[in-house]
Amino acid sequence: QLQLVESGGGLAQPGGSLRLSCAASGLALVDYIMCWFRQAPGKEREGVACINSSGGSTHYADSVKGRFTISRDNAKNTLYLQMNSLGAEDTAIYYCSAAMGWADYSDFPEEDYWGQGTQVTVSS
């Protein structure tokens, strides 16, 4: 069965770092545009970052640009999100997603598959 399973979430101090992973099974990651979304309590789900199939193109939300880096290892069928300079505003559930197409690289694609999410909490 197709599954996207996030890991690496947890508690970080302000200014700290975390690396999230998304392990895919039942699909070949190389065939998909991969993204990270997040949802904070009481807020809408928002796109964080996306990367195309080859890894040559990326898109970031303005709020994370310069702090977060999305990457992928197609051979390991795994997606990553390196998060640096974390602040309380980054506290959210982070979701891995896969999309079959990406028409506009300046925006987020419509997702076809979702992971279950992993909690990131930034607190002193």
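The values are calculated or read from the model by the stated rules, or taken from the named source; none is laboratory data. What you see is a predicted model; the values in this text were computed from it and never measured. Quick reminder, even Gly has a Cβ in these numbers, built from the backbone with ideal geometry, and neighbours come from all protein chains shown. Accessible surface is based on the protein model in full, side chains and every heavy atom, while ligands, DNA and RNA are left aside. Shrake-Rupley method; radii C 1.70, N 1.55, O 1.52, S 1.80 Å.
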Heavy-atom accessible area per residue of the chain, all protein chains kept, 1.4 Å probe, expressed in Å², is 50
Among beta bridges that DSSP assigns inside the chain, antiparallel share in %, nearest 5: 90
I'd like the distance separating the alpha-carbon centroids of region 1-44 and region 72-96, in whole Å. 5
All other residues with a Cβ under 14 Å from the Cβ of CYS35 taken together, and with Lys, Arg as +1 and Asp, Glu as -1, what is their net charge? -4
Region 1-76: which GluC sites (Glu not before Pro) are DSSP loop and have at most 16 other beta-carbon atoms within 10 angstrom? GLU44
The simple spin-label model distance between SER7 and VAL30, using points 7 Å out along Cα→Cβ, in nm, is 2.3
Between SER54 and ALA23, what is the label-point separation in nm under the 7 Å Cα-to-beta-carbon projection? 3.0
Share of carbon and sulfur in the accessible heavy-atom surface of the chain [1.4 Å probe, %]: 46
